[in-house]
Amino acid sequence: MLAYALRRLLSTIPVMAIVALLVFSLLYLTPGDPAVVLAGEQASETDIARLRTAMALDKPYAERFLIWVGGAVRGDLGVSVFSNRPVIELIVQRLEPTVALTLGSLLIAIVLAVPLGTLAAWRSGGALDRIVMGFAVFGFSIPVFVLGYLLIILFSVHWDLLPVQGYRPIAYGVGPFLEHLALPALSLGIVNAALIARITRASMLDVLNQDYMRTARAKGLSTSRILIRHGLRNAAVPIVTIIGIGFAMLISGVVVTETVFNIPGLGRLTVDAILRRDYPVIQGVILVFSLTYVVVNLLVDLSYGLFDPRIRY
Amino acid sequence: MTANPPLLAVEQLTVSFRSGRRESPAVEDVSFTLDAGETLAIVGESGSGKSVTSLAVMRLIPDPPGRINAGRILLNGKDLLALNDSDMQRIRGNDIAMIFQEPMTSLNPVMTVGTQIAESVRLHQGRNTAEARQHALDMLRRVQMPSPEQRLDQYPHELSGGMRQRIVIAMALACNPMLLIADEPTTALDVTVQAQVLDLMRTIRSELDAGVLLVTHDLGVVAEMADRVLVFYAGRVVESAPVRSLMRRPRHPYTLGLLGAMPRLSTRGGTRHERLLEIPGNVPPPGSRGPGCYFAPRCAYATQECRDAQPPLEEKHAGHLAACWHSDELEEPA
C-alpha cells in the first residue's frame, strides 16, 4: 500500500511537468512579443526592454522554462504584472473563499446525490426514480450562472432570506460565513450532484442484482441497512471515481460562480487576470488548479483499497 | 383432537412472473408439509419452480417481476404471507434461514466473514459486537472451519469455494433456525468438497432438530439426505413420496426418467458402460402448455387422456402421491 502510494505519487511528477510546460507555453502561444503584451499598450520602448530583461525573456525558451519551473517548485510563481505583487501571495490571499466554496458544494453534492441515487436505484422504474433522474437531467443541463441568478432571485430578492452576493471569511463568524456561502455552494453543487446521482444509481442498480444482496435480505436485515451497509460500500468505487472526475467541473464552475456571486476567490483572480492579460497570475492559478486536480484524483485512487479489500496494490 | 400444526405447510401456492404484459406462472398450485427434524427434498430440472418455491417461503421473490398470486405459507400455523415487512424481517435469518447455491457470489465481497456471520446474531439476538464475534467464532468451529480465529477477519475472496460454503452455512445457522432452506447447497462445489459439506449438513441437522427443505437437482444428494421427496415439473408437483419408496418404484414417468438419467456405478461386472437414459425434449414454456398433463409431450406413456386433462396428485400407495393417469403401468427402474 505504502509502496503503491509512493509509486503513484512519483507518477504525478511527469503529469505535472507536462502541465507546467503547457501552462508556461501559454504566454508564448499568444500572438505577439510577450514583453509587449505584458507591458501593455502605453509602455515605452525602454519599459518593454526592462521588462524583457527582468523576466528573462531575452534568454532561450528552454532556459526560461527551467527558470520558471525552478521558481514554481520553490513556491515562486513570479510577480503580477498588474499589481506588482508576488503571484503566490495573491493566490494565498484568495484561497480561503475558493476552498470553502469547493468543499461546500462538494458536500452538498454528495449529501444530495448519494442518498437520492441510492433510492432511485432501489425503486428503479418507479415514480421516485423518475423524479430523481429528471432532477439529474435538469441539474446537469442548466448552466451554473443561470442557476445562480435564479437562486439569487428566489432566495435573496424574492424571499429576502440570504445575502445576494459577497463573501464573509469564517474568521468573522460561522453564521455570516454560511449565509454567504449557501447559494453559491448550492448552485455549484447541483451540477455535480446530478452527475454523482446518476453514477450512484447505475452502480447501485448493478449491486442490487448481486447474490449477496439477497443473502443480506435472507438474514432479515432492514432495507436501509441492506442498502447502506451492503449496497453502498460495494457501489463506492465508481462513485468516488466520478467525484474525482467531477472535481475538474467544480474548478471551472468555481470561476463562474465566484463571478456571479462576487466572491473574491481564485476564480475571480483568474477572470481578473485574464481581463488584464496578467500572464504570471494566469499561469500560477492554472498550475494550482491542475495540482489540486491531480492530488484529488491521487487520493481517489488510493481510496479504492479502503472500499474494496479485493483491490490490492 | 388438537394436532400440532406441521413446522411448515405450503398450501396451494401459485407464483407468477410478469414479462411485459404477459404473466406466466412459475409455480402452480403447490402444496406440501414439512415437520421438525425432517428433510424434504425438492427435485426437478432448472426452471421447474423449485427455487422459486423455496424463495417464496422466505418471501424473497423479487417483486416486480415476481408475485405470489395465491396460497398460504404457514410456519407453525402462522401465515407468513399475511405478515408485514418488519415482522417478516424478524423471521428471516432467525426462524427460517437459507443456504444459497453460489458460495462465490452469495457472500458480500467487502465485509469480513466474521462480520457477516455476526450480523444476524446482533440483529436478532441483540448481542453486542464482542459477543457476536465470539458467537461467529463458535459458528466457524461448528462448521469445522480450519483455523477459525484467522478466518474471522478474512474476506470471502481469500477463501476457497468449500470454505465459503461453510461460511454460508455458518451464517444460516447462526441464530439456530427452526427451518433451514438449502438451495442447491453443493452444486457449485468440487465433488470431494460436496461430500464434506453434505456430511456437515447431516451432523448439523441432527444437532438442530430443524426442518430442512433441500432444493436440488441431484438425486444422489436426495438419496443421502432426504426423508421425503417432492418432484417438480413445470411448476407443479408431479410426485411426492418417501425417498425409498420413490427410488424403488417411481409412480410418475418424469421421475422414472430422472432416475434413468442419473449416472451410477454398476457393481456387476461387464455392464460398466451402461447408457444413461435421457428424457427427450424440454420443459414446455408457460405459453405453450395445453390443458392436459404438462409432461405429456415428452412422455412415452402419454395417451389422449393425458393431453386432455391434468391428472390430480393422488395417493397411489401408502404416503406415495403422484399426478399421473398411468402410474400403474410404469416399469420399475432398471
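Could you please report the charge total around B:Leu13, scoring K, R as +1 and D, E as -1 over all other residues with beta-carbon less than 10 angstrom from its beta-carbon? Result for the neighbourhood of B:Leu13: -2. Less than 5 angstrom separates the built amide H of B:Val215 from those of B:Ile42, B:Ala182, B:Asp183, B:Glu184, all sequence-distant by 5 or more or on a different chain.
For the protein assembly as shown, the alpha carbon positions stretch 118, 60, 51 Å along the principal axes, listed from largest to smallest. Once you've got the GNM for chain A with C-alpha springs shorter than 10 Å, pick whichever of A:Ala56, A:Ala136, A:Ala113 has the biggest mean-square fluctuation. Comparing A:Ala56, A:Ala136, A:Ala113 in the GNM, the peak value goes to A:Ala56. For the stretch A:180-313, the convex hull drawn through the C-alpha positions has a volume of 115 cubic angstrom per residue. Remark: the B:His157-B:Arg127 segment gains 8.1 nm on full extension, using 0.36 nm per residue and subtracting the alpha carbon distance. Once the convex hull of all Cα atoms in the stretch B:57-96 is built, its volume per residue stands at 67 Å³. A viscosity of 1.567 mPa s and a temperature of 4 °C, combined with the Kirkwood radius over Cα pairs in Stokes-Einstein, give a translational diffusion coefficient for chain B of 61 µm²/s. Note on the stretch A:133-253: along the principal axes its Cα atoms extend 53, 30, 26 Å, ordered by decreasing extent. Overall dimensions of the stretch B:43-189, expressed as equivalent-ellipsoid semi-axes from the Cα gyration tensor (√(5λ), whole Å, largest first), are 28, 19, 12.
Taking amide H as placed 1.01 Å from N in the peptide plane, B:Ala36 has its amide H under 5 Å from the amide H of B:Leu7, each at least 5 places away in sequence or on another chain. Note on B:Arg18/A:Arg85: beta-carbon distance plugged into 1/(1 + (r/R0)^6) with R0 of 51 Å gives a FRET efficiency of 0.15. Other residues whose C-beta falls under 12 angstrom from the C-beta of B:Met58 contribute a net charge of +3, scoring Lys and Arg +1 and Asp and Glu -1. Rounded to the nearest 0.05, what FRET efficiency is calculated for B:Glu329 and A:Phe140 with R0 set to 56 Å and r the Cβ-Cβ distance? Rounded to the nearest 0.05, the efficiency is 0.20. Once the gyration tensor of the Cα atoms in the stretch B:144-205 is diagonalised, the equivalent ellipsoid follows with semi-axes of 18, 15, 10 Å, ordered largest first. If you run the Gaussian network model on chain A, springs between alpha carbon atoms under 10 Å, then out of A:Leu287, A:Leu186, A:Leu29 the most flexible one is A:Leu29. When restricted to Cα atoms, the stretch B:35-84 yields an Rg and a Dmax of 12.2, 34 Å, respectively. Couplings for the stretch A:5-14, taken from phi via the Karplus curve 6.51 cos²θ - 1.76 cosθ + 1.60 with θ = phi - 60°, read 4, 5, 4, 5, 5, 5, 5, 6, 5, x Hz in order; Gly and Pro are left as x.
Distance from the Cα centroid of the stretch A:72-86 to that of the stretch A:99-120 is 35 Å (rounded to whole angstrom). Taking chymotrypsin sites (Phe, Trp or Tyr not before Pro) across the stretch A:119-192, the ones in a DSSP loop with at most 14 further Cβ atoms lying within 10 angstrom of their Cβ are A:Trp159. Here the Karplus curve 6.51 cos²θ - 1.76 cosθ + 1.60, taken at θ = phi - 60°, turns the phi angles of the stretch B:48-64 into couplings of 7, x, 6, 5, 4, 4, 5, 5, 5, 5, 7, 6, 10, 5, x, 10, x Hz, with x standing for Gly and Pro.
Using the Cβ-Cβ distance between A:Gln42 and A:Val111 with R0 = 45 Å, the FRET efficiency computed as 1/(1 + (r/R0)^6) comes to roughly 0.30. Residue by residue, the stretch B:178-195 carries 3J(HN,Hα) couplings of 8, 10, 10, 9, 10, 9, 6, x, 10, 4, 8, 9, 5, 4, 5, 5, 3, 4 Hz when phi is fed to the Karplus relation 6.51 cos²θ - 1.76 cosθ + 1.60 (θ = phi - 60°); x denotes Gly or Pro.
Computed from label points 7 Å out along Cα-Cβ, the spacing between A:Leu178 and B:Asn84 is 3.5 nm. Shown here are the Rg and Dmax of the Cα trace of the stretch A:11-73, at 13.3, 46 Å. Summed over qualifying helices (DSSP H, 4 residues or more, each -39500 (n - 2.57)) and divided by its residue number, chain B shows a 222 nm mean residue ellipticity of -9000 deg cm²/dmol. In the stretch A:94-307, the C-alpha radius of gyration followed by the widest Cα-Cα span (Dmax) gives 19.2, 65 angstrom.
Between amide H atoms placed 1.01 Å from N, distances below 5 Å from B:Ala26 occur with B:Val15, B:Ser16, B:Phe17, all of them 5 or more places distant or on a separate chain.
When only alpha carbons are used to place a centre, the stretch A:207-241 and the stretch B:23-42 end up 29 Å from one another.
Throughout, read-outs are computed from the coordinates displayed, never taken from laboratory work. Here the structure is a predicted model, which means the values were calculated and not measured. Every residue, glycine as well, gets a Cβ built from its backbone with ideal geometry; the counts of neighbours run over all protein chains shown.
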